[in-house]
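Below is one structure, written out as structure tokens, with a few remarks after it.
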Amino acid sequence: MTSHTSTSLAEAQKILNQAKSENWRVPSKMIMVTPDHFRVDYAINPYMTDTNGKLQVIKRDLASAQWRDLKTKFEDLGVAVSCIEGDPSMPDMVFAANQSFVFWHNQEPNVLLSRMRSPHRRMEVPHFESWYRANNYKVHTFESSDIFFEGNGDGILDPKHRLVWGGIGPRSNQQAYREMSKRFDLPIITLPLVCADFYHLDTCFSILSPDIVAIQTRAFSQESLKIIGARFPTVIEIDYEENLHFFAANCHVINHKNVVLQKGASQFVKALTRASLSVHEVETSEYLKSGGSVFCMKMMAF
């Protein structure tokens, strides 16, 4: 299936009806980037400046401690974590979800390297390419020069239905998904992002289990909300203020059971508990200043 425009409800339903019964092989390990050089040097999202319009100031020691605690939490939950050394000239490289898109194809691990929208972040990608090549991935790049795509930040695997949810917005464009679908035979449902506060799909959409998704409804059109509802029997709607201030949707779930998320989203925590999910609250306050949290700070890998 190749989607040439934003996916309609009828097109999405056709994709869902054609879903294959077996699950994809999904990545279960993790990549993180060391936080030594994390800081805010520029503003490319609404969170990177304070109420006076000045760049956020990062407390370096606190940021490092929060990163270590998050890594430890992932490891305590059974995830093997590999680390890439940060680059002193790349303060956002710590947000490891954005530089690549990992998937299983032709019986081997594949990775599609991102083409970052902001010039500030483009040179992060070769660091990830080196890691993937050293770990025997088949590495792909985009062929078209008019493409922008920010990896797992906008492209989210849905193993149950063997498809990809793709965010279209300020960072990734429709052309990226067109090429991905054509080259790799990936069924893709695209979701335009309609709220400036949520610029990546991973800031407003989180698959918690095969049948449960959490979303921030203001991020999507009415048609997109119908598409999401057609796929997931249970849709948890995250409070706007909780998502804005605590990046609740930028959580990460391990084994469809353990949800790791920024502390403070009390209503969302109650909803997760009602859904019989285990909640693990962490502190990523320094990373929120740059527009990222738990999901952004790691990349799932094989």
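What follows draws every value from the coordinates through simple rules; no lab data is involved. Predicted model only: the values in this text are computed from it and were never measured. A quick note on method: Cβ atoms are made from the backbone with ideal geometry, for glycine too, and the neighbour counts reach across all protein chains shown.
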Practice problem: Find the percent of Cα-Cα distances in the stretch 148-205 that exceed 17 Å, and round it to a whole number. | Solution: 30 percent
Quiz prompt | Qualifying GluC sites (Glu not before Pro) for the stretch 2-86 [loop in DSSP, other Cβ within 10 Å: at most 14] | solution = GLU22, GLU85
Practice problem: Take every Cα pair under 8 Å in the chain that's 6+ residues apart, average their separations, divide by the length, and report that relative contact order as a whole percent. | Solution: 23 percent
Quiz item: For the chain, with the dipole built from +1 on Lys and Arg beta-carbon atoms and -1 on Asp and Glu ones, taken about the Cα centre, which of PRO187, MET48, GLN99 lies farthest toward the positive end?
Solution: PRO187
Quiz prompt | Largest-first principal axis extents, alpha carbons of the stretch 150-302, Å | solution = 41, 35, 31
Exercise. For the stretch 1-141, just say rounded, prolate or oblate: build the C-alpha gyration tensor, square-root its eigenvalues into a ≥ b ≥ c, call rounded for a/c under 1.5, and beyond that prolate if a/b exceeds b/c, oblate if not.
Key: prolate
Practice problem: At 0.36 nm per residue, minus the direct Cα-Cα distance, what do LEU55 and GLU129 gain on full extension? Give it in nm, one decimal, please. | Solution: 23.6 nm
Quiz prompt | Residues of the stretch 78-93 with amide N under 18 Å of the 7 Å Cα→Cβ point at ARG68 | solution = 81-86
Quiz item: Quick one: Cα convex hull volume of the stretch 65-224, Å³ per residue?
Solution: 141 Å³
Quiz prompt | Overall Cα dimensions of the stretch 64-107 - principal axes, largest extent first, Å | solution = 39, 31, 13
Practice problem: Starting from the Kirkwood radius over alpha-carbon pairs of the stretch 9-301, derive D by Stokes-Einstein at 4 °C in a medium of 1.567 mPa s and give it in µm² s⁻¹. | Solution: 68 µm²/s
Exercise. Please report how far the C-alpha centroid of the stretch 269-300 lies from that of the stretch 30-55, rounded to the nearest whole angstrom.
Key: 17 Å
Quiz prompt | Antiparallel DSSP beta bridges within the chain, percent to nearest 5 | solution = 50 percent
Quiz prompt | Within the chain: Cβ-based charge dipole about Cα centre, in debye rounded to nearest 20 (Lys, Arg +1; Asp, Glu -1) | solution = 460 debye
